[in-house]
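As structure tokens, the structure follows; a few thoughts come after it.
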């Protein structure tokens with residue numbers, strides 16, 4: 001029996017962990033024991049517990065309740081708490097997701113006491129080290145033993161950084177194994193697609209019509225905290241809503257909702273508040289987001305996860321960033337990088353709306369990535 005400790009700290013990681021937990025309980029419960037540790041990096045009852053309940057994830061065995069703080073203070077507190085639990089649990093490996101401070105803390109804590117690190121979503125690069133996430137993902141990759149990349153580009157990025165494809169078992173941090181294996185989020189989207197239609201009523205509650213609204217999310221600090229960028233995005237959204245006659249559905253974190261009052265020009269904010277084409281709503285659950293993604297006409301976002309989910313449901317996407325780690329979406333023509341530039345956003349929307357045919361190749365696996373990862377962990381940990 002292999003024991004793994006899964007680290008989660010933010011809502012996207014809770015969702016990603018659902019795929020692995022489901023694979024273990026369905027196919028590998030005689031071979032893998034999973035201990036779940038929530039760092040509490042982004043934790044409150046309303047925004048996290050609903051995900052555990054909705055997705056059927058086992059309750060965390062541990063919650064460090066770290067809370068918010070500076071990068072250094074938050075990460076240091078997590079390292080200490082994670083190390084203490086790893087010493088107690090003595091797992092065969094620690095499983096980390098993505099690129100948050102929880103990911104970085106887990107990688108440091110485990111590698112220092114020689115516990116193998118399994119990194120899911122390895123190899124992703126924005127090539128912008130001003131992003132904290134870029135530092136976190138690079139650091140985690142370079143102390144990992146098994147690295148599971150969801151994309152061919154991620155796999156190639158690892159090769160360019162010196163990871164060798166010809167390494168042989170036994171694997172360890174100095175002799176790691178890299179994989180191109182598909183995306184656990186694609187697993188989840190397929191699994192929960194039908195469930196979302198049955199268990200959510202958000203489309204009906206918001207009086208939305210299929211393909212007649214634009215789903216928008218904005219959460220990155222460099223967009224929400226910089227008035228010039230936030231104004232540019234909302235100016236574009238207002239102009240698009242007026243011209244297209246489409247509704248803008250915007251699930252918004254409470255923190256970002258407050259920033260609208262302080263960081264958006266008063267005249268523009270008044271126009272948005274008085275427009276019947278804007279539906280600014282509370283944060284949507286995972287199943288609600290799937291329902292919105294499946295039924296919208298187009299997605300506009302600064303979220304990496306939402307970019308991919310749009311692709312899963314064959315929706316075009318405008319990206320409110322200057323780069324993306326999911327370069328395949330842009331290369332195949334399903335997404336356009338518009339940054340926080342009003343005219344670029346409008347142009348990207350018009351170009352995608354006018355496009356008659358899109359290609360959505362199977363970039364993210366076959367929907368069984370989590371099962372593949374489990375088999376590899378059983379074999380090599």
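The values are calculated or read from the model by the stated rules, or taken from the named source; none is laboratory data. This is a predicted model, so every value here is computed, not measured. Cβ placement follows ideal geometry from the backbone for every residue including glycine, while neighbour counts extend to all protein chains displayed.
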Checking residue 124 against (1) free of Cβ contacts under 8 Å to residues at least 40 places away in the same chain; (2) surrounded by 23 or more Cβ atoms within 10 Å (Cβ to Cβ): exactly one of these is not met. Which one? (1)
Across the stretch 332-366, what is the number of residues that are on the phi > 0 side of the Ramachandran plot and at pLDDT below 95? 1
When you scan the stretch 172-195, do you find a residue that is outside the structural domain of residue 320 (by TED's automatic domain parsing), without any contact (Cβ under 8 Å) to a residue 12 or more places away in the chain and more than 28 Å from residue 362 (Cα to Cα), even just one? yes
Wholly within the stretch 174-246, helices (runs of 4 or more DSSP H) carrying at least 2 residues that are over 21 Å from the mean Cα position of the chain (by Cα): 184-199, 202-205, 227-244
Can you report the number of residues in the stretch 306-341 which are surrounded by fewer than 18 Cβ atoms within 10 Å (Cβ to Cβ) and in a helix (DSSP H, G or I)? 2
Restricting attention to the stretch 5-35, and to residues there that are touching a helix residue (DSSP H, G or I) at 6+ places or on another chain (Cβ under 7 Å) and assigned to a strand (DSSP E or B), which single residue is surrounded by the most Cβ atoms within 10 Å (Cβ to Cβ)? 8
Please state which one of 368, 380 is out of contact with any helix residue (DSSP H, G or I) (no Cβ under 9 Å at 6 or more places or on another chain) and farther than 25 Å from residue 240 by Cα. 380
Please verify whether residue 31 is assigned by TED's automatic domain parsing to the domain that holds residue 136 and under 19 Å from residue 374 (Cα atoms), treating the condition exactly as stated. yes
Return the total of residues in the stretch 229-253 being exposed (fewer than 15 other Cβ atoms within 10 Å of the Cβ) and either touching a strand residue (DSSP E or B) at 6+ places or on another chain (Cβ under 8 Å) or touching a residue at least 12 places away in the same chain (Cβ under 8 Å) (or both). 2
State whether the residues of the stretch 198-207 include one that is touching a strand residue (DSSP E or B) at 6+ places or on another chain (Cβ under 7 Å) and either outside the structural domain of residue 284 (by TED's automatic domain parsing) or touching a residue at least 24 places away in the same chain (Cβ under 8 Å) (or both). yes
